[in-house]
1. Output ³J(HN,Hα) for the stretch B:9-16: one whole-Hz value per residue in order, computed from phi by the Karplus curve 6.51 cos²θ - 1.76 cosθ + 1.60 with θ = phi - 60°, and x for Gly and Pro.
2. Mind checking which aspartates and glutamates have their C-alpha under 17 Å from residue B:104, skipping anything on the same chain fewer than 8 residues away?
3. When we measure straight from the Cα of residue A:42, which aspartates and glutamates land under 16 angstrom away, once same-chain ones fewer than 8 places off are left out?
4. As an exercise, use a Förster radius of 30 Å and the Cβ-Cβ distance of residue A:68 and residue A:15 to find the FRET efficiency, rounded to the nearest 0.05.
5. When the dipole is taken about the Cα centre of the stretch A:1-73, and only Lys, Arg (+1) and Asp, Glu (-1) are charged at their Cβ, what size is it in debye, to the nearest 20?
6. If you place +1 on the Cβ of every Lys and Arg and -1 on the Cβ of every Asp and Glu, how big does the dipole about the Cα centre of the stretch A:26-113 come out, in debye to the nearest 20?
7. Based solely on C-alpha atoms, express the radius of gyration and the Dmax of the protein assembly as shown in angstrom.
8. Scan around residue B:17 for amide H atoms under 5 Å from its own, H built in the peptide plane at 1.01 Å from N, and keep only partners 5 or more places away or cross-chain.
Amino acid sequence: GENVEQHPSTLSVQEGDSAVIKCTYSDSASNYFPWYKQELGKRPQLIIDIRSNVGEKKDQRIAVTLNKTAKHFSLHITETQPEDSAVYFCAASRGGSNYKLTFGKGTLLTVNP
Amino acid sequence: GAVVSQHPSRVICKSGTSVKIECRSLDFQATTMFWYRQFPKQSLMLMATSNEGSKATYEQGVEKDKFLINHASLTLSTLTVTSAHPEDSSFYICSASRGGQNEKLFFGSGTQLSVL
């Protein structure tokens with residue numbers, strides 16, 4: 001089955017700095033890679049996703065890059081704000097609504113004012 | 001995005017009792033729903049895939065007789081934790097997608113189960 005590794009497990013940055021979280025996956029058939037943000041006690045919220053036919057996707061301060069050859073993808077947050085503080089999870093699946101998502105272990109991001 | 005509703009949000013029960021958790025897709029039909037469990041400061045672990053009108057598919061290590069899943073309609077899936085014990089205490093969360101090739105997954109608000 002799919003195995004998703006995520007690093008770092010914790011990340012502390014100063015407000016305004018950039019934050020980068022990296023993930024690797026094992027299943028070469030995976031082609032859908034979402035990122036979720038989860039605040040304490042809340043549901044995970046989809047913040048951005050990318051499919052394997054695209055190398056990069058950007059949405060305002062958030063971007064995701066994908067290297068399918070190397071089987072790794074990264075989340076980039078620029079101009080971080082205290083409200084970006086949360087746990088971020090990467091995930092991978094083979095795509096389609098019937099395929100399960102396999103999650104990374106999560107990264108606790110703390111943005112210090 | 002799609003709206004997924006989950007109830008109850010929190011439940012405290014005595015050891016040996018059963019607890020039912022409901023997951024509803026409010027503005028779309030979901031042929032497939034997923035049930036996850038999340039322990040404190042850990043990732044989401046898939047328990048089972050719930051398919052409307054058929055038996056659920058359980059992940060390795062998840063007891064199907066203990067975690068009963070029923071997906072009786074296109075908008076409702078239930079998870080029943082039978083004979084709950086303290087080690088079953090966890091955050092249970094369901095998710096669903098709109099179906100077809102749309103794999104975007106939306107999560108319910110989760111249920112914090114505490115078994116005394």
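1. 7, 8, 9, 10, 9, 7, 4, x
2. Partners found: A:49, A:59, B:27.
3. Candidates past the 8-residue exclusion: A:83, A:84.
4. The computed FRET efficiency comes out at 0.35.
5. 160 debye
6. 340 debye
7. In order Rg, Dmax, the Cα atoms of the protein assembly as shown give 17.6, 51 Å.
8. Residues meeting the criterion, in which the H sits 1.01 Å from N, are B:84.
Each reported figure results from applying straightforward, stated rules to the coordinates on display, with no laboratory input. Just so you know, these numbers come straight off a predicted model, no measurement behind them. In this analysis, Cβ positions are derived from the backbone assuming ideal geometry, glycine residues included, and neighbour counts consider all displayed protein chains.
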